[in-house]
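The values are calculated or read from the model by the stated rules, or taken from the named source; none is laboratory data. Quick caveat: nothing in here was measured; it's all calculated off a predicted structure. Note: ideal-geometry Cβ built from the backbone for every residue, glycine included; neighbour counts use all protein chains shown. Just so you know, the surface numbers come from the protein's heavy atoms only, side chains and all, with ligands and any DNA or RNA stripped out. Shrake-Rupley method; radii C 1.70, N 1.55, O 1.52, S 1.80 Å.
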Amino acid sequence: MYEWLVIGGGIHGCTVASFLLKRGKVRVEKLRIIDPYDEPMYKWKKNTEKIGMKYLRSPFVHHIDVDPLSLQRFGQKEKWGREHFYGRYKRPSLELFNEHCNSIIEEVGLLRSWYRGFVTSIKKEQGFWKVMTEDGATIRAQNIVISISLNNALNIPNWAKQLDLPNQVFHVFEENLANLFSLQPPIMVIGGGITAAHLTIKLSGMFPGKVILIKRHPFRINDFDSDPGWLGPKYLRCFHETKDYGDRRVMIQQARNKGSLTRELFYHLKRLEKDHQIQVMDGEVKSANSNRNQIMLNVGERIIKGNCILLATGFMPSLPGGIGLIR
């Protein structure tokens, strides 16, 4: 019997586990973390590397440790230069952020609590939680934290599904995405948010002049994914006073700056467009068809042609794990 069970070993799961261990809420042998992958933060590291992210969008006080200044102190101690903190909010480089995470994971001995598995059901039974995994294991715990992301619920538009071209149409975060260098240009990137921006910038260096960014709306520029007021009582007071969880979910959804990107990424894209390294087009894809290896997208009144599509269209807003996960 474990005292605490964390389902999901990404950034949020590691943050919860770090807090429980560092605050003395549980000993490492009484904590279990269940995750489908061999190592903590596997999907985070793979996806951010895939799109070529250089700096996080969040400021330096956001990380998996309990001390807000932990990452900054780590950077100073390990002699990471100023170039690893970007802008007025000192947004950390991806490299620094990941190294800091690795140091915290090692410090708290998190791997001693690691269990590779996929949870299929959770059941309350005689005052404790009974968790079943895909490989038939049963794990019991007094407390559970579900920290599952939407990484596997890819948002794929219907027109892309109807193309049925698995070797030419990919979601950027799908597991079987081919090596980007193996893609055949011109490449059409679909999406208007920060993922599409990072991906387009990376592809422009690989296939200069042969990348087309197609987005439904003009660029939306925001420093953060949500207003910093959500970090403190300015907005959280009202949130905590709201008892209905459905209403809370609506508040969370409305707080997000969905489909937005940071100012420096916006200027980077504009420079690439000016230098004819990329094309940027506004408009929603109405339909798509293919002829041999060429794909044709109907965007407004225009037909845009390319050989490959990369969808940077995010994830479906669904309940992680499915409705039947908890009984």
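What the table shows:
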read-out	value
Tally, over region 191-241, of residues that are over 16 Å from L272 (Cα atoms) and exposed (fewer than 14 other Cβ atoms within 10 Å of the Cβ)	12
In region 277-304, the residues that are open to solvent by less than 60 Å² (accessible area, probe 1.4 Å) and assigned to a strand (DSSP E or B)	V280, M281, V285, S287, A288, S290, I295, M296, L297, N298, V299, I304
H12 vs. criteria open to solvent by 20 Å² or more (accessible area, probe 1.4 Å), in contact (Cβ under 8 Å) with a residue 40 or more places away in the chain and within 23 Å of L96 (Cβ to Cβ)	yes
All positions within region 253-276 that are out of contact with any Asp or Glu (no Cβ under 9 Å at 6 or more places or on another chain), surrounded by 12 or more Cβ atoms within 10 Å (Cβ to Cβ) and either closer than 18 Å to G229 by Cα or of a type in the set (D, E) (or both)	E264, E273
Region 282-297, residues that are touching a helix residue (DSSP H, G or I) at 6+ places or on another chain (Cβ under 9 Å) and charged (D, E, K, R)	K286
Residue list for region 134-151, filter: open to solvent by less than 50 Å² (accessible area, probe 1.4 Å) and modelled with pLDDT of 95 or more	I139, A141, I144, V145
Close pairs (7 angstrom Cβ cut-off, 6 or more residues apart or separate chains): more than 18 Å from C14 (Cβ to Cβ) in region 100-128, in a helix (DSSP H, G or I) anywhere	S121/L325; I122/L325
Residues of region 117-174 that turn out to be farther than 30 Å from R292 by Cβ and among the aromatic types (F, W, Y), as a count	3
Which numbered condition I64 misses (of (1) open to solvent by 20 Å² or more (accessible area, probe 1.4 Å); (2) of a type outside the set (G, A, S); (3) not in a helix (DSSP H, G or I))	(1)
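Residue by residue, here is whether (1) among the hydroxyl-bearing types (S, T, Y); (2) assigned to a helix (DSSP H, G or I); (3) in contact (Cβ under 8 Å) with a residue 24 or more places away in the chain holds:
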position	(1), (2), (3)
H217	no, no, yes
W230	no, yes, yes
R237	no, yes, no
H240	no, yes, no
M251	no, yes, no
